[in-house]
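J.: For reference, the structure I am asking about is given below.
The values are calculated or read from the model by the stated rules, or taken from the named source; none is laboratory data. What you are looking at is a predicted structure, and each value in this text was computed from that prediction instead of being measured. Neighbour counts run over all protein chains shown; Cβ positions are idealised from the backbone, glycine included.
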């Protein structure tokens, strides 16, 4: 006798997204692929010179895989204020690492990713090429919300106020 396995309940897309297997097309984030506990895609940064594509991580509940409105709002705030945020981040790095004002930050640091947490915090993961932690470079997150604080971390999660 054969028993049918219950059908796995599919994620219901919100009005701003469509889901195809592990790909979501979101009106705010664009095309994202679900990997482990986050949707991954691409964003832009001109933090240390020319504009480049960097990774985008939008953390979601593994089971529900729904991008929340608060996450979209945080990312839209980052996009709208990107130039101002990037200038504040450059200043935060100079202060935190006690570097001279005219230091070429691009020679030492690299913007790696924009991270949007489940609670709607947004930050930039930056790699400091002068530190080596095993096979990974030293990573830290600079909060893109008011204050632009540097948060030491080995993960891509934010610890913001």
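J.: Output the number of residues of the stretch 53-72 satisfying the condition of being surrounded by fewer than 13 Cβ atoms within 10 Å (Cβ to Cβ) and touching a residue at least 12 places away in the same chain (Cβ under 8 Å).
T.: Qualifying residue count for the region: 3.
J.: Checking residue 98 against (1) over 18 Å from the mean Cα position of the chain (by Cα); (2) within 14 Å of residue 49 (Cα to Cα), which single condition isn't satisfied?
T.: Status for residue 98: all satisfied but (2).
J.: Looking at the stretch 111-124, is at least one residue modelled with pLDDT of 85 or more, part of a strand (DSSP E or B) and more than 13 Å from the chain's Cα centre (by Cα)?
T.: no
J.: Got a number for residues in the stretch 31-85 being part of a helix (DSSP H, G or I) and within 18 Å of residue 126 (Cα to Cα)?
T.: 7
Condition check ((1) at pLDDT 85 or above; (2) more than 17 Å from the chain's Cα centre (by Cα); (3) under 19 Å from residue 116 (Cβ atoms)) across all residues:
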| residue | (1), (2), (3) |
| --- | --- |
| 13 | no, yes, yes |
| 18 | no, yes, no |
| 32 | yes, no, yes |
| 43 | yes, no, yes |
| 60 | yes, no, yes |
| 71 | yes, no, yes |
